[in-house]
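The values are calculated or read from the model by the stated rules, or taken from the named source; none is laboratory data. The model shown is predicted, which means the values in this text are computed figures rather than measured ones. A quick note on method: Cβ atoms are made from the backbone with ideal geometry, for glycine too, and the neighbour counts reach across all protein chains shown. What goes into the accessible areas is simple: the full protein's heavy atoms, side chains included, and nothing from ligands, DNA or RNA. Shrake-Rupley method; radii C 1.70, N 1.55, O 1.52, S 1.80 Å.
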Amino acid sequence: MTKLETVLNAIDDANRADPNQEDGQPAALLYGHRMTSEVDRLFPEASDSLKIAARGQHIERWTVARSTYPEGRAGYHAWRRDLAKHHASRVGTMMTDAGYAVDDVQAAERMLRKEGIKRHDDVQALEDVICFVFLKWYFAPFAAKHEESKVLDIVQKTARKMSDQARERVLKEFDLPAPLADVVKL
């Protein structure tokens, strides 16, 4: 088994414990596989660090409960920062245990902490993958539950995180209604 396979299997093993289910599977496990599918499609020459960061994006997400943080924006952002640190730490340990070089481990950890969106290609690539996964599998259920202004706001926030190339690709691959497509346009 390769180092990459070892780490991906370790992430999957951890995510099988997710008590949250989606389509009859642990939600974090399903999300990780969707992330892998999109990283392989969008970045076929991706480094192991990017492939691992994509698979580990939500590793053990359920263990850092949102309910343990204050309500509101500040509490939400604190929760997200702590989740990112947790994901980076867990994935970094798995990579180290599998024999990855320190630079590779640090690259994956940086991606998972989202340090350098819009400045580092690998961090931006992971963010683009996250946005595609959201649009492909999670946007429609979200949109069905929320009013139009909230949906437009989320699409604007998502588009701002994406690279220009990813935004162009979204407009080609997704049939977005005009108001949503307008906020994705460059």
Derived scalar couplings ³J(HN,Hα) [segment 167-182; Karplus, 6.51 cos²θ - 1.76 cosθ + 1.60; whole Hz; x for Gly, Pro]: 4, 4, 5, 4, 5, 7, 8, 10, 8, 8, x, 3, x, 6, 4, 4
Given 14 as the ceiling on other Cβ atoms within 10 Å, longest exposed-site-free region of the chain for GluC sites (Glu not before Pro) in DSSP loops: 1-44
Karplus-derived HN-Hα couplings along segment 14-21 (A = 6.51, B = -1.76, C = 1.60, θ = phi - 60°), whole Hz, x at Gly and Pro: 5, 6, 5, 7, 4, x, 7, 10
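Go ahead and estimate [θ] at 222 nm for the chain from helices alone: -39,500 (n - 2.57) per DSSP H run with n ≥ 4, summed, over the residue count, rounded to 500. If you can, show how the numbers build up before the last one.
Working: 10 runs with 127 residues, N = 186.
Here the helix-only value at 222 nm equals -21500 deg cm²/dmol.
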Surface/4 estimate of mean projected area, convex hull on alpha-carbon atoms of segment 99-186, nm²: 6.6
Accessible area (Å², per residue) of segment 66-186, counting only protein heavy atoms and a probe of 1.4 Å: 58
Environment charge of GLN156, counting only residues whose C-beta is closer than 14 Å and scoring Lys/Arg +1, Asp/Glu -1: +3
Partner lysines for LYS118 [C-alpha distance under 27 Å; skip if fewer than 8 residues away on the same chain]: LYS51, LYS85, LYS136, LYS150, LYS157, LYS161, LYS172, LYS185
Formal net charge of residues neighbouring ARG55 (Cβ-Cβ distance under 12 Å; K, R +1; D, E -1): -3
Two-decimal ratio, the chain, of alpha-carbon radius of gyration to 2.2 N^0.38 Å: 1.03
Theoretical gain in end-to-end length, THR93 to HIS120 [0.36 nm per residue, Cα-Cα removed]: 7.5 nm
Around MET95: net Lys/Arg minus Asp/Glu count, Cβ-Cβ under 9 Å: -3
Extension reserve of the ASP23-GLU5 stretch, reckoned as 0.36 nm per residue once the Cα distance is removed: 4.0 nm
Between segment 146-186 and segment 3-51, the Cα center-to-center distance that results, in Å: 25
In order through segment 143-151: 3J(HN,Hα) via Karplus (6.51 cos²θ - 1.76 cosθ + 1.60), integer Hz, x for Gly, Pro: 4, 5, 9, 10, 6, 4, 5, 5, 4
Where only alpha carbons of segment 70-124 are counted, the Rg and the Dmax (Å): 12.9, 41
FRET efficiency for ASP175 and TYR76, using Cβ-Cβ distance with R0 set to 35 Å, rounded to 0.05: 0.70
Of all accessible heavy-atom area on segment 44-124, the percent that carbon and sulfur account for (1.4 Å): 49
